[in-house]
Amino acid sequence: MKKRVSFHNLGCKVNAYETDVMAALFEDAGYETVPFEEPADVVVINTCTVTNIADRKSRQMLHRAKKLNPSAIVVAAGCYVTADAERALKDEGIDICIGNPDKPRIVEMVAEYMGEQKPAGNSGPECFRLTRLAERTRAYIKIQDGCNQFCSYCIIPFARGRTVSRSKEEILSEIRGLTAKGVKEFVITGIHVSSYGYDIKYPDAGPKADCFAPEILLDLLKSIDETEGVERIRLSSLEPRIITKEFAQGLKEIKGLCPHFHLSLQSGSDSVLKRMNRHYDTGVYENCVAILRDTFDDPAITTDVIVGFPGETEEEFEQSLKFAEKIGFYQMHIFKYSKRKGTVAAGMPGQLTEAQKAERSDRMEEIERKMTEAYISRHEGTEAEVLFEEEAVIDGQNMLTGYTREYVRVAVKTDVPAGGIYRIRLRRGPEAGILSGVEL
Ligand code: SF4
């Protein structure tokens with residue numbers, strides 16, 4: 001009987017990608033992947049350490065895994081282990097700790113722990129790539145790891161190290177393997193995607209925060225676009241400072257690139273941005289959005305915002321609200337500031353209470369709802385290309401759902417199978433935030 005492995009992923013898109021890769025590595029070594037709740041021989045928790053709460057959730061999941069599967073080998077992988085190895089190693093609920101750099105060796109390390117021989121198959125960083133996905137038409141592709149930015153609230157540069165880019169050849173080969181299995185859309189992911197290529201161009205430059213090589217990123221995207229079977233490219237996140245007229249024009253020339261730009265704002269108050277050590281101000285940000293809107297036809301601009309950063313006054317929060325409204329985002333991911341031990345912000349004076357943060361989060365969400373509605377309304381009655389991904393029950397009806405190039409969710413009643421791209425005339429959907437439509 002095949003050995004069984006299960007996974008639970010916490011945190012960001014890079015972690016999600018790496019969980020998919022680890023699942024494929026175990027399957028290559030003869031394992032069967034089973035759902036997290038089912039009995040398994042090995043349970044892998046891909047942990048996150050972005051806040052103290054993420055650390056706590058990682059520990060809770062590890063202990064839950066042991067409780068659900070007392071005889072399984074519980075593996076703690078990823079950022080929590082890298083950032084707090086001492087605590088992880090002492091934890092009796094964890095059998096094996098695997099930091100980020102060792103993820104490519106996970107199958108080998110589990111075999112060693114079991115007293116088995118090194119498994120057949122490839123091992124090593126160059127083999128840490130996605131080879132398949134379970135019934136999905138969209139895949140995350142990690143193009144770089146690490147970050148040089150050192151935002152004052154973030155531990156990630158310590159957990160993942162400085163920025164390191166993957167080679168173009170490696171990325172293209174991974175993508176070719178996935179298009180052959182039906183993947184049509186590639187989400188370009190990394191810890192700090194905008195620094196892609198900097199370490200390639202300047203191998204001796206050191207960890208500067210000003211680390212862009214836009215021509216290398218554009219060249220990569222162009223080559224991905226030219227790869228047979230690639231229909232869409234979506235950028236998961238960009239740093240505002242990389243956007244210039246030339247860069248935006250370069251993006252426009254990439255046929256498959258979706259006009260959906262996620263530009264992390266974090267705060268619309270210049271004084272808060274400074275305390276966050278964010279290296280740009282609202283003027284720079286606004287200019288970047290203007291460039292994108294001049295270059296693309298009503299692109300979707302989405303963002304991340306933190307509310308209740310240490311010392312954030314009511315006036316600073318109001319500035320943030322007003323700035324968000326002025327930009328007119330399609331969607332915002334709103335986070336209540338959460339302390340992370342070991343960061344500069346954790347020791348800053350003026351920490352807000354949970355009630356204050358919740359109140360600000362509610363106010364930010366209220367304007368987000370209005371902005372989302374405004375963006376979606378502008379698309380009603382227009383034609384759009386939708387990549388249908390999966391079936392879902394919405395409002396009691398079986399529907400096929402997918403996304404437009406702008407990442408507007410669309411649900412239709414149709415008999416066509418998932419996995420195809422169709423032209424649709426959009427109309428009001430069954431729920432807020434979703435459009436429906438008729439096939440053209
Ligand atoms: S850019 Fe800032 S928030 Fe993002 S990973 Fe780097 S340090 Fe963390």
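The values are calculated or read from the model by the stated rules, or taken from the named source; none is laboratory data. Given the structure is predicted, the values throughout are model-derived calculations rather than measurements. FYI the Cβ positions are ideal-geometry reconstructions off the backbone, even for glycines, and counts take in every protein chain you see. Only protein heavy atoms, including side chains, enter the accessible area calculation; ligands, DNA and RNA are left aside. Shrake-Rupley method; radii C 1.70, N 1.55, O 1.52, S 1.80 Å.
For each pair in 208/274; 2/66; 103/336; 252/370; 13/66; 2/57, compute the distance between the two Cα atoms and list the pairs where it is over 19 Å. Show your work: numbers first, answer last.
On the way: 208/274 17 Å; 2/66 21 Å; 103/336 30 Å; 252/370 28 Å; 13/66 25 Å; 2/57 30 Å.
Where the Cα-Cα span goes over 19 Å, the pairs concerned are 2/66; 103/336; 252/370; 13/66; 2/57.
Each label point is 7 Å from the Cα along the Cα-to-Cβ direction; what then is the distance between the points at residue 427 and residue 60, in nm?
Modelled inter-label distance: 4.4 nm.
Return an integer: the convex hull volume of the alpha-carbon atoms of region 134-377, in Å³ per residue. All intermediate terms of the calculation are to be shown ahead of the outcome.
On the way: hull volume 33.3 nm³, N = 244.
Once divided by residue count, the hull of region 134-377 is 137 Å³.
Full-extension gain between residue 414 and residue 339, please, as 0.36 nm times their residue separation minus the C-alpha to C-alpha distance.
Details: separation 75, 0.36 × 75 = 27.00 nm, distance 4.66 nm.
Answer, rounded to one decimal: 22.3 nm.
Counting heavy atoms of the protein chains only and a 1.4 Å probe, report the per residue accessible area for the chain as a whole number of Å². Each step should come with its number before you reach the end.
On the way: 19450 Å² over 440 residues.
Counting only protein heavy atoms, the per-residue value for the chain is 44 Å².
Collect residues whose amide H, placed 1.01 Å from N in the peptide plane, falls under 5 Å from the amide H of residue 389; neighbours closer than 5 in sequence don't count.
HN-HN under 5 Å from residue 389: 401, 402, 403, 419.
What Cys residues in the chain have no fellow cysteine's beta-carbon under 4.7 angstrom?
Cysteines lacking a close Cβ partner in the chain: 12, 48, 79, 97, 127, 147, 211, 258, 288.
Tell me, what HN-Hα J-couplings in whole Hz come from the Karplus equation 6.51 cos²θ - 1.76 cosθ + 1.60 at θ = phi - 60° for each residue of region 336-346, using x for Gly and Pro?
Working through the residues one at a time gives 7, 3, 10, 4, 10, 3, x, 9, 4, 5, 4 Hz.
So how much slack lies between residue 200 and residue 353, counting 0.36 nm per residue of separation and subtracting their Cα-Cα distance, in nm?
Working: separation 153, 0.36 × 153 = 55.08 nm, distance 4.40 nm.
So the chain would gain 50.7 nm between residue 200 and residue 353.
In nm, to one decimal, how far is the residue 253 label point from the residue 315 one, both placed 7 Å along Cα→Cβ?
It is 4.7 nm.
Please list the non-local residues whose amide H lies under 5 Å from the amide H of residue 233, H modeled 1.01 Å from N, same-chain partners needing a gap of 5 or more.
Result for residue 233 returns 186, 257, 258.
Give me log10 I(q)/I(0) at q = 0.14, 0.16, 0.30 Å⁻¹ for region 383-439, Debye formula, one equal scatterer per alpha-carbon, no solvent.
Result of the Debye calculation: -0.28, -0.37, -1.42.
Name the most mobile residue of 144, 331, 351, meaning the one with the largest mean-square fluctuation, in a Gaussian network model of the chain with Cα contacts below 10 Å.
351
Taking R0 as 60 Å, what FRET efficiency do you get between residue 380 and residue 131 from their Cβ-Cβ distance, rounded to the nearest 0.05? Can you show the working numbers first?
Numbers: r = 40 Å, r/R0 = 0.67.
Once the sixth-power term is evaluated, E becomes 0.90.
Suppose every K and R has +1 on its Cβ and every D and E has -1 on its Cβ; what is the size of the dipole of the chain about the Cα centre, in Debye to the nearest 20? Kindly include the intermediate steps, with their values, before the conclusion.
Values: 59 positive and 68 negative charges, 98 e Å.
I would put it at about 480 debye.
Working out 0.36 nm times the residue gap between residue 393 and residue 173, then minus their Cα-Cα distance, what length gain in nm do you get to one decimal?
Net length gain for the segment: 75.6 nm.
Using helices alone, I'd like the mean residue ellipticity at 222 nm for the chain: each DSSP H run of four-plus residues gives -39500 (n - 2.57), total over residue count, nearest 500. Please report the intermediate quantities before stating the final value.
Working: 14 runs with 154 residues, N = 440.
So the calculated ellipticity at 222 nm is -10500 deg cm²/dmol.
Return the carbon/sulfur percentage of the accessible area of region 193-304, one whole number, probe 1.4 Å, all protein chains in place. Before the final figure, lay out the partial values.
Working: 2110 of 4450 Å².
Carbon and sulfur: 47 percent of the exposed surface of region 193-304.
Ordered by residue, what ³J(HN,Hα) values in Hz, to whole numbers, does region 365-379 give under the Karplus form 6.51 cos²θ - 1.76 cosθ + 1.60, where θ = phi - 60° and Gly and Pro are x?
5, 4, 6, 4, 4, 5, 5, 4, 4, 5, 5, 5, 4, 5, 9
In the full protein assembly as shown, how much of residue 262 is accessible to a 1.4 Å probe, in Å² to the nearest 10?
Per-residue accessible area (residue 262): approximately 20 Å².
For region 1-74, just say rounded, prolate or oblate: build the C-alpha gyration tensor, square-root its eigenvalues into a ≥ b ≥ c, call rounded for a/c under 1.5, and beyond that prolate if a/b exceeds b/c, oblate if not. Numbers along the way, then the final one.
Numbers: a/c = 3.13, a/b = 1.35, b/c = 2.32.
Here region 1-74 falls in the oblate category.
With the convex hull built on the Cα atoms of the chain, state its orientation-averaged projected area in nm².
Numbers: hull surface 87.9 nm².
So the Cα hull casts an average projection of 22.0 nm².
Quick one: what are the phi-derived ³J(HN,Hα) couplings along region 52-59, Karplus 6.51/-1.76/1.60 with θ = phi - 60°, whole Hz, x for glycine and proline?
Each residue's phi maps through the Karplus curve to give 4, 5, 4, 4, 5, 4, 4, 5 Hz.
Among 250, 97, 422, whose Cα projects farthest towards the positive end of the dipole of the chain, with charges put on the beta-carbon of Lys, Arg (+1) and Asp, Glu (-1)?
Result: 97.
Going by a ≥ b ≥ c, the root eigenvalues of the Cα gyration tensor, does region 298-405 fall in the rounded group (a/c under 1.5), the prolate group (a/b larger than b/c) or the oblate group?
Working: a/c = 2.71, a/b = 2.01, b/c = 1.35.
Here region 298-405 falls in the prolate category.
About the Cα centre of region 134-377, how large is the charge dipole given +1 on each Lys and Arg Cβ and -1 on each Asp and Glu Cβ? Please answer in debye to the nearest 20.
Details: 34 positive and 38 negative charges, 135 e Å.
Dipole of region 134-377, to the nearest 20 debye: 640 debye.
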